[in-house]
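Reading through the structure tokens given below for one structure.
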Amino acid sequence: MGELANCPRCNALFMKQFKSICENCYKEEERDFDTVYQFIRKKENRTSTVDEVVEATGVKREVIMKFVKEGRLRTGMFPNLTYPCQKCGEPINEGKICGNCSSEINTELKREQEIEEVERANKIKERKHSTYISGVTSRKNHR
């Protein structure tokens, strides 16, 4: 059974089950999708950018980008339908960050791992050098 929620688009109460928006907004979103798809499936419009699609269809930019992010509009067929990288804002057509930002993050992570490995090795060396032997007494002193 679903949970009671407010629709993020219109704030109406609805039972949240499989959809994250209410039925009315869902129907409106499907009409928007049909409008966009009818426009871009025409051969002359397949290379349209998001802004050109917005201008031609009247559908909001965020809605079109949602369709792209969800994979409903495949960028293989419509290569200029892009949305901004979440880190730098460069246009991308898949994922959440661009290739450059992804590489930068991976390089940073590798650098951090190397630093941690060096610190771990230093701690092990310190432990070896600071080992104390206690409780050893000379037999001469015990007599």
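Looking only at helices (runs of 4 or more DSSP H) that lie completely in segment 2-98, which have at least 3 residues being surrounded by fewer than 12 Cβ atoms within 10 Å (Cβ to Cβ)?
Those helices (runs of 4 or more DSSP H) span 23-40.
Answer with yes or no whether Gly89 is among the small types (Gly, Ala, Ser) and either more than 30 Å from Ile105 (Cα to Cα) or touching a helix residue (DSSP H, G or I) at 6+ places or on another chain (Cβ under 6 Å) (or both). Even if it seems obvious, please write down each step before you answer.
Values: among the small types (Gly, Ala, Ser): yes; either more than 30 Å from Ile105 (Cα to Cα) or touching a helix residue (DSSP H, G or I) at 6+ places or on another chain (Cβ under 6 Å) (or both): no.
So Gly89 does not fit the description; no.
So how many residues does segment 47-77 have that are more than 23 Å from Pro8 (Cβ to Cβ) and modelled with pLDDT of 85 or more?
Let us first name the residues in segment 47-77 that are more than 23 Å from Pro8 (Cβ to Cβ), namely 47-49, 51-52, 55-56, 74-77.
Next cut, modelled with pLDDT of 85 or more only: 47-49, 51-52, 55-56.
Residues flagged as more than 23 Å from Pro8 (Cβ to Cβ) and modelled with pLDDT of 85 or more within segment 47-77 amount to 7.
The values are calculated or read from the model by the stated rules, or taken from the named source; none is laboratory data. Quick caveat, the model's predicted, so the values are computed rather than measured. Note that each Cβ is placed from the backbone with ideal geometry, even for glycine, and that neighbours are counted across all protein chains shown.
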